[in-house]
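The values are calculated or read from the model by the stated rules, or taken from the named source; none is laboratory data. All of these numbers come straight from a predicted model, not from anything done at the bench. A quick note on method: Cβ atoms are made from the backbone with ideal geometry, for glycine too, and the neighbour counts reach across all protein chains shown.
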Amino acid sequence: MAGIRLAVPSPVHQGEIIEIKALIQHAMESGFRRGARGEVIERNILTRFECDLNGTLIFAADLHPGVAANPLITFHLKAMEPGTLTFTWTDQNGEIWQDSAALEIT
Amino acid sequence: MKRLLALMAGALISGCFAPSAPDASSVLDAGEIRSGTSFLTPETQALQADAFANPGFLWVDRGAALFEQPISDRPACMACHEAGLKGVAATYPKIDPESGQLLNLEGRINQCRVTHQKAAPLTYESDDLLALSAYVANQSLGEPIRVDINGAAAKHFRQGRDYFTTRRGQFNLSCQQCHTDHWGQKLRGDTISQGHGNGFPAYRFEWQSLGSLHRRLRDCDTGVRAQPLPSGDQTYIAVELFLAARAQGLDMESPAVRR
């Protein structure tokens with residue numbers, strides 16, 4: 001299961017600087033921890049986050065083992081054109097989780 | 001005469017053990033009851049208060065979806081509880097009038113599943129049970145805890161209080177020694193809280209996940225190097241009742257964020 005929570009203010013004024021928040025449920029297992037019997041718990045992390053507006057990349061981040069579980073990513077955008085914001089998370093094995101939100105400009 | 005003595009002894013015993021609300025709060029003065037939130041850093045308090053960024057809401061969202069989802073041909077939780085369950089979680093643990101058993105919220109959810117939805121009970125600490133209990137508990141956000149410790153609940157209250165005040169483990173410590181006698185002081189780098197359960201199920205940084213109060217109790221028992229009880233154990237439910245009675249009037253905060 002991967003729960004996703006997105007916060008995109010909408011509608012906003014043209015040229016307004018808005019804060020966008022994206023939260024995903026993920027274990028972000030670092031690969032450095034050991035279980036109760038001393039066995040290494042295998043690494044399992046998201047490695048990439050991208051946000052597109054109408055197909056154009058507007059924000060991206062590389063994630064590493066130091067990032068805590070259920071990463072919350074907050075960034076700012078100057079709202080110039082309306083459209084669809086697409087949020088994509090990719091894990092170390094190439095598995096993809098995606099969600100989108102509408103950006104309306106008044 | 002003998003009979004009279006026996007009667008008097010009986011009266012004395014019941015007098016000593018008669019549970020009452022003042023008895024429950026006698027361990028902490030009403031004015032000094034403080035939620036675990038007040039022992040957190042401002043940053044963690046802000047994360048808990050932010051209904052978007054608080055990671056506990058990932059489970060609340062999932063719980064809301066499960067609540068509306070029918071189980072095979074049986075109705076969804078929503079079919080009976082259409083009006084929601086506001087304030088309900090603040091009254092748990094509670095005696096189930098049918099079975100006479102003390103049930104916590106998790107137990108009540110599973111009882112509903114088994115009797116009304118004819119489904120298998122959810123495993124304690126599973127994501128689904130955490131999600132449903134967090135969703136139901138969240139509907140009591142800001143409601144004061146008001147558990148009933150009279151009648152059939154009295155013996156469970158006493159059992160919980162005994163567990164709380166009994167020394168255990170290699171460290172030979174009781175819950176009370178930290179959480180009633182020395183709260184506000186330091187244990188290694190941490191400030192000792194009063195040990196209330198009002199924020200559970202809660203998201204703990206140590207777990208990197210949402211967890212139940214029983215998981216927290218297991219951690220406390222492990223911390224004093226005692227053998228923890230299994231999650232869902234009747235003794236832990238009794239402790240849960242004692243803790244709720246001890247925190248009577250404190251606002252519910254689930255899903256809280258804890259260290």
Turns out the helices (runs of 4 or more DSSP H) fully within the stretch B:23-135 with at least 1 residues that are within 14 Å of another protein chain (Cβ to nearest Cβ) are B:42-49, B:57-67
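Do we have A:L77 as away from chain B (no Cβ under 14 Å), surrounded by 12 or more Cβ atoms within 10 Å (Cβ to Cβ), within 28 Å of B:D127 (Cβ to Cβ) and of a type outside the set (F, W, Y) here?
Spelling it out, it is not the case that A:L77 is away from chain B (no Cβ under 14 Å), surrounded by 12 or more Cβ atoms within 10 Å (Cβ to Cβ), within 28 Å of B:D127 (Cβ to Cβ) and of a type outside the set (F, W, Y).
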Among the residues of the stretch B:96-116, count how many are modelled with pLDDT under 95 and buried (at least 19 other Cβ atoms within 10 Å of the Cβ). 1
Has the stretch A:39-46 got at least one residue that is closer than 30 Å to B:A131 by Cβ and within 11 Å of the chain's Cα centre (by Cα)? yes
Only residues in the stretch A:45-70 that are under 11 Å from A:Q92 (Cα atoms) and within 14 Å of another protein chain (Cβ to nearest Cβ) count as the first member; pair them with residues that are among the basic types (K, R) and assigned to a loop (DSSP other than H, G, I, E, B), Cβ under 8 angstrom, at least 6 apart or cross-chain, and list the lot. A:P65/A:R43
If you scan the stretch B:203-259, which residues turn out to be hydroxyl-bearing (S, T, Y) and crowded, with 17+ Cβ neighbours inside 10 Å? B:Y203, B:S209, B:S212, B:S231, B:Y236, B:S254
What is the residue count in the stretch A:32-49 for residues that are under 15 Å from A:G66 (Cα atoms) and out of contact with any strand residue (DSSP E or B) (no Cβ under 9 Å at 6 or more places or on another chain)? 0
Yes/no for B:R167 being surrounded by fewer than 16 Cβ atoms within 10 Å (Cβ to Cβ) and in contact with a strand residue (DSSP E or B) (Cβ under 9 Å, 6 or more places away or on another chain): yes
Return yes or no: is B:K118 in contact with a strand residue (DSSP E or B) (Cβ under 7 Å, 6 or more places away or on another chain) and basic (K, R)? yes
Test: B:R158 is touching a residue at least 60 places away in the same chain (Cβ under 8 Å), surrounded by 24 or more Cβ atoms within 10 Å (Cβ to Cβ) and not small (G, A, S): no
Taking the stretch A:1-29 only, how many residues are within 13 Å of chain B (Cβ to nearest Cβ) and either under 14 Å from A:T86 (Cα atoms) or touching a strand residue (DSSP E or B) at 6+ places or on another chain (Cβ under 9 Å) (or both)? 19
